[in-house]
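Undergrad: Pasting a structure here, questions to come.
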C-alpha cells in the first residue's frame, strides 16, 4: 500500500476538514493537509459538538459504538490495537452497504489529447506538460539533500527520544499526482510557471516522524529544533490532537533555496489509523459524489476510530503556528 496523502496526508494527513456532521447538512470539506489558519476555532466547535453528541447517545449503530467504548488496556488506557479487528469489520460492513462501484466514472475519451482542442490550445497544453516535467525534475533534484538531513535528524533524535521515520520510501509524491496539482493551481494562477507553482506545493516532498506516546511532545520539539538548525524554516504547524476525526501534527517547511516540504508527527497508533484504517473513508469523504447519508456514517466511523487513540501528555498544548507571507 502506498503512503497515503494525509493531511493535502489527509491531498492533506491530508491527509477534508475533520468536523462532525450537523443534521443532514454536508460539511465544507478541505484536505487534511491544507487546514485553514483559523482551524483552531472550528476544531473547538467540532469537539463541543462531538461531546454533546456523545452525551445524547448519538447514532451508536452507525458509529459502531457499544460496550467496546469502556474497554481499556492493562495500564488503564483505551486499547486501540485491540479494537482494530472491530474497525476492520465495521468498514467491511460499510462497503457492503455502500459499494464503491455505485459511482459513475468520467469517460476517459472525453478529453483525450487533441480530441476537441484547436492546434494552438493543444500546443499550449504540450508546452505546459513539458514545463511541468521540468519542474518535477527540479523537485527530485532537491530531495536527496533534504532527505539526508531528515535521516541524520532521525539518528540524532533516536538516541534520546526514540523517534523514527515512517513511510520514508514514499517521501516523494507521485509524478502523476504532482502534475494534477500543478494543473489545478495553474487554473487559478495561469501566469505562473510550473516551477513556481510546484515550489509552493507543501507536500511534494514529505516525511513522517513517529514517537511512542511518552516521548511524543519532547520528540516533536527536538525534531523541530534540528530542522531549524539545518537552516530550514517552519512556516506552518497545525495541531490536530483535539480533532475528533484525525490525530497528529502537520507542519510545513521551506529549505534555504525555497523548496517547500511537509513533516508530520504521529504515534504508532495515530499513524496506523490514518494509513490503514480510515484512509478509504477519507477518500470517500473527498469524493463529491458521496451522498450525505454515507457522509454521516463516514464521519461517525472516523470519530469512532480516533476516539481510541491515546493522546500523548502535552501534545494537545503544542501551539499552532502560521508565518506571515506563506
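Undergrad: Select from the range 290-326 the residues that are at pLDDT 95 or above, surrounded by fewer than 18 Cβ atoms within 10 Å (Cβ to Cβ) and in a loop (DSSP other than H, G, I, E, B) and list them in ascending order.
TA: Correct list: 291, 311, 313, 314, 319, 320.
Undergrad: Also, I was wondering about something else. Failed condition for residue 116, given (1) assigned to a helix (DSSP H, G or I); (2) at pLDDT below 85, with all others met?
TA: Among (1) assigned to a helix (DSSP H, G or I); (2) at pLDDT below 85, residue 116 violates only (1).
Undergrad: Quick test for you: out of 252, 218, 286, pick the one residue that is modelled with pLDDT of 95 or more and farther than 28 Å from residue 144 by Cβ.
TA: Being modelled with pLDDT of 95 or more and farther than 28 Å from residue 144 by Cβ holds for just one of 252, 218, 286, which is 218.
Undergrad: Is there a residue being surrounded by fewer than 19 Cβ atoms within 10 Å (Cβ to Cβ) and at pLDDT below 95 anywhere in the range 231-245?
TA: No; the residues of the range 231-245 include none that is surrounded by fewer than 19 Cβ atoms within 10 Å (Cβ to Cβ) and at pLDDT below 95.
Undergrad: Checking the condition in contact with a strand residue (DSSP E or B) (Cβ under 9 Å, 6 or more places away or on another chain) and at negative phi, which residue from 319, 244, 288, 312 passes?
TA: Of 319, 244, 288, 312, the one residue that is in contact with a strand residue (DSSP E or B) (Cβ under 9 Å, 6 or more places away or on another chain) and at negative phi is 319.
Undergrad: With the requirement that a residue be over 21 Å from residue 218 (Cα atoms), in a loop (DSSP other than H, G, I, E, B) and touching a strand residue (DSSP E or B) at 6+ places or on another chain (Cβ under 9 Å), what does the range 253-283 give you?
TA: Across the range 253-283, the qualifying residues are 255, 256, 259.
Undergrad: In this structure, does residue 249 turn out to be buried (at least 21 other Cβ atoms within 10 Å of the Cβ), in contact with a strand residue (DSSP E or B) (Cβ under 6 Å, 6 or more places away or on another chain) and under 14 Å from residue 136 (Cβ atoms)?
TA: no
Undergrad: Then there's this: So the check is Cβ under 7 Å with 6+ separation or different chains; which pairs have a first residue in the range 142-169 that's loosely packed, with under 12 Cβ neighbours inside 10 Å and a second one that's assigned to a helix (DSSP H, G or I)?
TA: Final answer for the pair search is 160/222.
The values are calculated or read from the model by the stated rules, or taken from the named source; none is laboratory data. Because the structure is predicted, anything quoted here is derived from the model rather than measured. Methodologically, a virtual Cβ is constructed for each residue, glycine included, from the backbone with ideal geometry; neighbour enumeration extends over all protein chains shown.
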